[in-house]
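Reviewing the structure listed below.
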């Protein structure tokens, strides 16, 4: 119990600390640490080698120390709380605004640099959460955190009792006859579990806020489900036949169907009898959609919505219990938690749609095959190819919806989800625009650094511009100005009180101070800097494409980003590919019903995701062209599905 959880958290923290090098994102200016900014142009697949390293330190009175290196070998030392960087082939530039005439350049072949990382702290500093404390400690707690201790204590008692409560409620529900077999029973079980956890979450939140006692808040879910089970248990005998509620619902729907048919008949008579034949022709003679297509799509969409709802619920339930200890420790408001899951849902919807479509096709056709409906379609001359047509059209529509979601709302939702997760975890919020000490890439290999930027007045304060050689990652030119103003009429920047230094062979080749100057290479307009800096998964397909073009123009390696750009197009198209693959396999699991389709669908999805991750990693390190790395999973599964699709006995 608690001891195992405590050990697990310790091992998890050790793993996170030892893998700190993997947390460094390439082509991102990391400004999380005071008076230090570091940038890595590229990271090897092992995470131990960096290429194109920039380290910028800021002194207390404006002094700056800039170190550039072609590559670095990185060793994580979690016990000491640092990364040991072994830099190769670099230069160090030191400068103070108080002495603009003095500027130091130091060249080195090899140099060791200890990089202090705040996240790598000794394990002794980590405080144990309530879930890691022993039951005796929770009982004896009388301090300020007694309420959290009581909530955890009652949770440990309520969860084991929940197994008895679910058994109590499962007996009457299991004894009740229903259509759908095991799939319907599985769906009902998921709904009951969702209801229980929803009651538990609300009760625990009210207990932590003091609106209920810890016992009342935690035990409310068990008590309500137990009362429902006790209410249904004596009525098991009534479930063998059709109860009064079911009979009433049956009569109501039969009355609605009869009323609808009578209304159509009256409309046909009023129009001279022309509507009914036209409708019959549309349904029986038209190529698409026929009544068969609507029937098949209705069943597919029912299973699709049910399956994706179940998958999203399961993922969010596991995520909630993973974050439960952090929510309690940092006293995260309930609205923050609900907002996090609200923004997480579109991401899960996007990621799980191909899997849900695959499983829905397997279940739909598997159940129809089990009930001999496929035989009936063949008997009236409808081939399996024609039967698959509406499913493939629906798959293309879902792919288009995924592309639209990824191009509009999903990047914003992902960014908000990351920020809220950092808040729940107690981490500093990751910001994407910094009003002070901003670092941003310009055009043609330039890097802008400034203390202040006002987008309304269009001026910089304490501006530094670094022009780098992309091949050697050495400084070619450095421009400094205490102030820079944008002249809209001439469309250029006017620099005030600064200097220009050119470098060649690791030495200063030219130094030019100025009171005012206009440099034609500073072509970026003010709106270029008034934008957010985001990761690839936080950008739409078009935004990522533009970002890649900017990096390519500056001469930087973009293999990893190009693979991700291709995946943004390839992943939605996996929906029709997975449907084409699922159709022939559905008849293999027909006798096993819905659960066989679910199991096979999960296996196929695991194989696809594993292959996609492997090929994406190979493309990121340059072992495969980005086009092949991004599209190979779709192409391989498409031809695999096409082969079995064409081999079906239609």
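Rounded if a/c is under 1.5, else prolate if a/b is larger than b/c, else oblate: which is region 438-529, with a ≥ b ≥ c the root eigenvalues of its Cα gyration tensor? Note, shape of region 438-529 comes out prolate. The distance between label points at residue 609 and residue 469 comes to 4.6 nm (points 7 Å beyond Cα on the Cα→Cβ vector).
Taking region 130-240, how much of its Cα-Cα pair set, in percent, is spaced more than 19 angstrom apart? Can you show the working numbers first?
Working: 3223 of 6105 pairs.
Above the 19 Å cut-off, region 130-240 has 53 percent of its Cα pairs.
In this label model, residue 404 and residue 295 are separated by 3.0 nm, measuring between points 7 Å along each Cα→Cβ vector.
I need the semi-axes of the equivalent ellipsoid of region 305-346: take the C-alpha gyration tensor, multiply each eigenvalue by 5, square-root it, list largest first in whole angstrom. Please report the intermediate quantities before stating the final value.
Working: eigenvalues 97, 26, 6 Å².
Square roots of five times the eigenvalues give 22, 11, 6 Å.
A straight chain from residue 252 to residue 302 at 0.36 nm per residue would run longer than the Cα-Cα distance by 15.8 nm. Full extension of the chain between residue 215 and residue 267 yields a length gain of 12.5 nm, computed as 0.36 nm times the residue separation minus the alpha carbon distance. The overall shape of region 305-455 is oblate: from the C-alpha gyration tensor, with semi-axes ordered a ≥ b ≥ c, the ratio a/c is 1.5 or greater and a/b is no larger than b/c.
Full extension of the chain between residue 28 and residue 523 yields a length gain of 176.0 nm, computed as 0.36 nm times the residue separation minus the alpha carbon distance. Computed from label points 7 Å out along Cα-Cβ, the spacing between residue 64 and residue 334 is 5.0 nm. When each of the peptides 318-327, 495-504 is scored by how many other beta carbons lie within 10 Å of its residues on average, the order from highest to lowest is 495-504, 318-327.
Taking 30 Å as R0, compute the FRET efficiency from the Cβ-Cβ separation of residue 137 and residue 233 and round it to 0.05. All intermediate terms of the calculation are to be shown ahead of the outcome.
Values: r = 39 Å, r/R0 = 1.28.
Efficiency computed from Cβ-Cβ geometry: 0.20.
Enumerate the residues in region 471-501 having an amide nitrogen under 19 Å from the point lying 7 Å beyond the Cα of residue 512 toward its Cβ. Answer for this model: 475-485, 492-501.
Readers should treat all values here as calculations from the given coordinates under stated rules, not as data from a laboratory. Keep in mind that this is a model prediction, so the values were computed, not measured. When we count neighbours, we look across all protein chains shown, and the Cβ atoms used for this are built from the backbone with ideal geometry, even at glycine.
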